[in-house]
Amino acid sequence: MSTDPRTIEDLAQSLAAAAAACTPIAPLRDRVPGIDADVAYAIQDVNTRAGLAAGRRLVGRKIGLTSLAVQQQLGVDRPDYGMLFADMAIGDAEPVELARLIQPKVEAEIALVLGRDLLHEKHTYADLIRATDCVLPAIEIVDSRIERWDIRFVDTVADNASSGLFVLGSTPKRLTDVDVTACAMRMTRGAETVSSGSGRACLGSPLTAAAWLADVMLRCGRPLAAGDIVLTGALGPMVAVSGPARFDATIEGLGSLAAIFV
């Protein structure tokens, strides 16, 4: 659909204001009936450019909607992407203040750290393997500026793919030393297992998700480059964070890390 640029700016500012105030807003699809993916990505891009203009440093991308069950729930047949900025990064076991977030959830993922640019029109597993400098365990702290997580595809895309913060582990491994497809994941809160899965939960393989992202980023003019972090997508179900808590995630072959909310 064609949408007035002023409307796109207004919707982007609404999301930015919601993030700044930690106060959610109504779904964007209710404000602009018929909004489509192109408009949603245009809204995301307005806030990306505003962040860069304000001095934020772009350090990577995240891939969302890599679960087929979640895609079916939202009525889509593809993942989405969002931007990762340096001020979103949290160290392993570094306390996270809940006041920074609105309605956070956590999910365990595999992060790729690139050592080469990805500039092909169509990327293969071999391209990803050659380009990846190291692999890390990660916990993405997703959040939504949309009330009650009442999202559809356009709402989450416009909202930077429901990004919040992300925790990177401190045990880098070579991609060739880890089976990122078969590796098992377990996340606990205290003694309770709250999420489990494997690399196959992420579009069949995190490399499939990363190759999709590399292709899309080239087409939209923000190609993945050396040094970028790629959060490849959830290995198991998201878990809501309802108050102060510690979540520990272990990914086979990659080690463990923790997200601590205070």
Check your understanding: Among Pro95, Pro237, Pro79, which one shows the biggest mean-square fluctuation in a GNM of the chain, springs joining Cα atoms closer than 10 Å?
Key -> Pro95
Practice item. Springs between alpha-carbon atoms under 10 Å, Gaussian network over the chain: tell me which of Ala19, Ala161, Ala86 tops the mean-square fluctuations. Key: Ala86
Check your understanding: Taking every eigenvalue of the Cα gyration tensor of the range 212-262, multiplying by 5 and rooting it, what semi-axes result, largest first, whole Å?
Key -> 30, 14, 11
Check your understanding: When the accessible area of the range 170-228 is computed with all protein chains present and a 1.4 Å probe, what percentage of it is carbon and sulfur?
Key -> 50
Practice item. Using the heavy atoms of the protein chains and a 1.4 angstrom probe, tell me the accessible area per residue for the range 1-68 in square angstrom. Key: 49
Exercise for review: Quote the FRET efficiency, to the nearest 0.05, computed for Ala53 versus Arg174 with a Förster distance R0 of 30 Å and r equal to the Cβ-Cβ distance.
Suggested key: 0.20
Practice item. Roll a 1.4 Å probe over the protein chains and send me the accessible area per residue for the range 76-152 in Å². Key: 42
Review point. For the chain, what is the per residue volume of the convex hull drawn over the alpha-carbon atoms, in cubic angstrom?
Key: 117
Practice item. Pop out the carbon and sulfur fraction of the accessible area of the range 1-84 as a percent, whole number, probe 1.4 Å. Key: 52
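The values are calculated or read from the model by the stated rules, or taken from the named source; none is laboratory data. Treat the numbers as computed from the prediction; the structure is a model and nothing was measured. Positions of Cβ are generated from backbone atoms using ideal geometry, with glycine treated the same way; all protein chains shown enter the neighbour counts. Heavy atoms of the whole protein, side chains included, go into the accessibility calculation; ligands, DNA and RNA do not. Shrake-Rupley method; radii C 1.70, N 1.55, O 1.52, S 1.80 Å.
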